[in-house]
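Quick notes on the structure that follows.
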Amino acid sequence: MSSAQRHYLREQGVGSAIFNFVLNGIIAWLMFRGQATVPLFGQQSIAGDTIGTCFFLPFLTCLIVTRIARGHVRAGKVQGTGWTRASHPTLRWLPAGTALRGFVLALGCIAVFAVLTISVLNALGVDELRLWPFVLFKASFAAGLAAIVTPVIALWAIAEPGPMPIAQPVPS
């Protein structure tokens, strides 16, 4: 992989982290603003929100970033890696479709990041968080998750830039 491609992937991760910090902070405040504290477990809880974030953030990011990154390859902003499903061992195991790939990534994020985060909070004896510490937790968690998954998604997208758009006939 070239230094330009690595720079592009870092740029994707940093931009997504900043965007998701702000967006998820706002979401947390809107969803929980009526509560003085947010419990670790329960109907509207840290655990439930963490699982939801681990599903929706990677899934939606995959749908959005794949399209954007493939457009960047077609526009010449970044060069594709030239890897194919046949030539690269990791790509061979990934689903070909963007939505299915996002779904698989989301389930993996739940299995790894949500389970680990909830387990650590529970082990630390966190039973609840006051509203603003929870907002900061959710914003930071989403930023960290985005910084991890977005470069991976962008790499998948530039590795397999997808079908080229069909050329439109030029009117005569």
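Go through segment 32-47 and count every residue that is over 14 Å from Pro133 (Cα atoms) and either modelled with pLDDT under 95 or of a type outside the set (Phe, Trp, Tyr) (or both). Adding up the residues that qualify gives 5.
Taking first residues from segment 70-86 that are at negative phi and among the polar types (S, T, N, Q) and partners that are modelled with pLDDT under 80 and in a helix (DSSP H, G or I), the Cβ contacts under 9 Å between residues at least 6 apart in sequence or on separate chains come to Thr84/Leu91. For the structure I just gave you, tell me whether Leu145 is aliphatic (A, V, I, L, M), free of Cβ contacts under 8 Å to residues at least 24 places away in the same chain and part of a helix (DSSP H, G or I). Here the answer is no, as Leu145 does not meet what is asked.
Being small (Gly, Ala, Ser) and either surrounded by 17 or more Cβ atoms within 10 Å (Cβ to Cβ) or modelled with pLDDT under 95 (or both) is the filter here, so list the residues in segment 109-139 that pass it. If the condition is that a residue be small (Gly, Ala, Ser) and either surrounded by 17 or more Cβ atoms within 10 Å (Cβ to Cβ) or modelled with pLDDT under 95 (or both), then Ala114, Ala139 are the ones that fit. Annotation note: Cβ proximity below 6 Å between a residue of segment 106-119 that is small (Gly, Ala, Ser) and a residue that is in a helix (DSSP H, G or I) (sequence gap 6+ or interchain) occurs for Ala106/Phe55; Ala106/Pro58; Ala106/Phe59; Ala114/Thr50; Ala114/Ile51; Ala114/Cys54. State whether one or more residues within segment 53-72 are at pLDDT 90 or above, more than 24 Å from Ala17 (Cβ to Cβ) and in a helix (DSSP H, G or I). For segment 53-72, residues at pLDDT 90 or above, more than 24 Å from Ala17 (Cβ to Cβ) and in a helix (DSSP H, G or I): absent. Can you say whether Val14 is of a type in the set (A, V, I, L, M, F, W, C), in a helix (DSSP H, G or I), under 20 Å from Leu155 (Cα atoms) and at pLDDT 95 or above, as far as the supplied structure shows? Yes: the conditions hold for Val14.
State which residue is nearest to the chain's Cα centre (by Cα) when the search covers only segment 82-108 and only residues that are of a type in the set (A, V, I, L, M) and at pLDDT below 95. The extreme case among them is Leu105.
For segment 96-105, the criterion of a residue being within 16 Å of Ala146 (Cα to Cα), surrounded by fewer than 19 Cβ atoms within 10 Å (Cβ to Cβ) and in contact (Cβ under 8 Å) with a residue 40 or more places away in the chain is satisfied by at least one position. Might you check whether a residue that is surrounded by 15 or more Cβ atoms within 10 Å (Cβ to Cβ), farther than 15 Å from Ala139 by Cα and over 21 Å from the mean Cα position of the chain (by Cα) occurs anywhere in segment 65-72? No, every residue in segment 65-72 fails to be surrounded by 15 or more Cβ atoms within 10 Å (Cβ to Cβ), farther than 15 Å from Ala139 by Cα and over 21 Å from the mean Cα position of the chain (by Cα).
Does any residue in segment 21-34 that is more than 12 Å from Ala142 (Cα to Cα) come within less than 8 Å, Cβ to Cβ, of a residue that is at pLDDT 95 or above and surrounded by fewer than 19 Cβ atoms within 10 Å (Cβ to Cβ) six or more places away or on a different chain, and which pairs are these? As it stands, the answer is Trp29/Leu131; Phe32/Leu131; Arg33/Leu131, since those pairs meet every condition given.
The values are calculated or read from the model by the stated rules, or taken from the named source; none is laboratory data. Note that the structure is predicted; figures quoted are calculated from it, not measured. Cβ atoms come from the backbone with ideal geometry, glycine included; neighbour counts cover every protein chain shown.
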